[in-house]
Amino acid sequence: MPELIQETGGILEAHMNRFPDLDIDAAVEAIVWEQARHYRVAMTAEAAHDKDKRRASLFKGFDTVAPGDVTRRQAETIYIPDLRNWMSQFSANAIKQIEAWRDDV
């Protein structure tokens with residue numbers, strides 16, 4: 001990466017006559033930042049999206065809003081049957097744990 005920054009800086013410096021207001025540091029930072037960004041989306045899917053094609057449809061347009069090589073994007077789903085009931089039980093257990101810890105503090 002340092003070689004890229006040095007090379008880019010040199011190219012931009014060569015154009016200072018044509019673009020005297022060019023902020024070389026800002027330009028290099030923007031170039032490097034655009035290449036460094038990665039994107040990750042995770043969501044809980046419903047039973048209707050439990051097949052690969054339907055699950056993929058949840059991420060339609062992801063490549064447009066997160067451009068670049070596919071290695072820069074991660075998309076994950078999890079399907080939990082009867083999520084509301086599961087979440088209710090999970091929350092009740094979490095509350096019990098917190099109350100038990102509170103009593104020990």
**Request:** Kindly indicate whether any position in segment 72-79 is loosely packed, with under 10 Cβ neighbours inside 10 Å and either in contact (Cβ under 8 Å) with a residue 40 or more places away in the chain or not β-branched (Val, Ile, Thr) (or both).
**Result:** no
**Request:** Please go through segment 27-56 and pick out each residue that is loosely packed, with under 10 Cβ neighbours inside 10 Å and over 19 Å from Ile80 (Cβ atoms).
**Result:** Trp33, Ala36, Lys53
**Prompt:** Which helices (runs of 4 or more DSSP H) does segment 23-105 wholly contain that include 3 or more residues that are under 30 Å from Gly9 (Cα atoms) and among the β-branched types (Val, Ile, Thr)?
**Reply:** 24-36
**Complete:** Checked pairs for segment 30-53, first in the same structural domain as Asp82 (by TED's automatic domain parsing) and among the small types (Gly, Ala, Ser), second surrounded by 12 or more Cβ atoms within 10 Å (Cβ to Cβ) and not in a strand (DSSP E or B), C-beta under 7 Å and 6 or more apart or across chains, list as Ala45/Arg55; Ala45/Leu58; Ala48/Arg54
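The values are calculated or read from the model by the stated rules, or taken from the named source; none is laboratory data. Computed from a predicted structure; not experimentally measured. Positions of Cβ are backbone-derived with ideal geometry, glycine not excepted, and every protein chain shown enters the neighbour counts.
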